[in-house]
Amino acid sequence: TVSLLDQIIERSLYAAKEAEMRFFINGLLFKIMPDNTLIVVGTDTHRLALVSSPLEIKDEAILKEPKDILISKRAITEIKKILSDTSDMVNITIGKNHVLFKVNEVDLLTRQVEGTFPDYTRAIPESFEKNLIVDRNAFIKTLRKVSVISKERGYIVKFDISKNLLTLTATDPDYGEAVDEIETDYNAEPFSIAFNARYLLEAANAMATERVVMRFLDALKPVLMQPEGLDDYKCVIMPLRS
């Protein structure tokens, strides 16, 4: 439906690169799987957002093997303009070099981006040693408040994670230090890790569940961030060296 496509774009487009010589990551990958699943991926190489959803396909021939379609961020932005929060269906016709989006009486034809999208499966961690679960609204509110002080330093925020407690710290040589705490569900070994707070905020804002799950291996490996209880949305974020 129109609303579903709009939601998929909303949950992935923020992670796509704004401007990049490697133009094939300056947009979204639409991957159609043989099991009628649509996977949409956006990345800027520092983070990755992946959304999966069932898909109704009329042309059975396309199901013989996965089909990759790259659409530029500029084109996706135009597509969002013709979408609205309704239950109307959106028809997508895939040609050799173009893709046609049809919503009601509006047609939007865009050229597919040439190039090979990075193998996103290699960026998604498969093993973890630590799981942290936190209230999404409290996480967003606290992270936004603390990160303001480190705006000039790339929104760097340090996480000190201990039993059922997350301490967030941001510093600036001119303004000092901001510290706050959030209660969590966490029972593994204490450790510290740092992130670009903006990446975490955009990922958390794209989720709708009450709680967010963050899965870690160690302080130098990517973190997998997901809505609690759902596997159709995955966000991978690289940590920073604090």
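Selection within the stretch 144-165: residues that are touching a helix residue (DSSP H, G or I) at 6+ places or on another chain (Cβ under 8 Å) and assigned to a strand (DSSP E or B). The member of this set that is surrounded by the fewest Cβ atoms within 10 Å (Cβ to Cβ) is 156.
The listed residues are 184, 171, and the only one of them that is at pLDDT 95 or above and over 18 Å from the mean Cα position of the chain (by Cα) turns out to be 184.
Which residue pairs have Cβ atoms closer than 8 Å, lie 6 or more positions apart in sequence or on different chains, and pair a first residue in the stretch 153-175 that is of a type in the set (Asp, Glu) with a second residue that is assigned to a loop (DSSP other than H, G, I, E, B)? If the second residue must be assigned to a loop (DSSP other than H, G, I, E, B), the pairs left are 160/190. Right, residue 140: surrounded by fewer than 19 Cβ atoms within 10 Å (Cβ to Cβ) and assigned to a helix (DSSP H, G or I) or not? Yes: the conditions hold for residue 140.
The values are calculated or read from the model by the stated rules, or taken from the named source; none is laboratory data. Just so we're clear, the structure is a prediction, and the values are computed from it rather than from any experiment. FYI the Cβ positions are ideal-geometry reconstructions off the backbone, even for glycines, and counts take in every protein chain you see.
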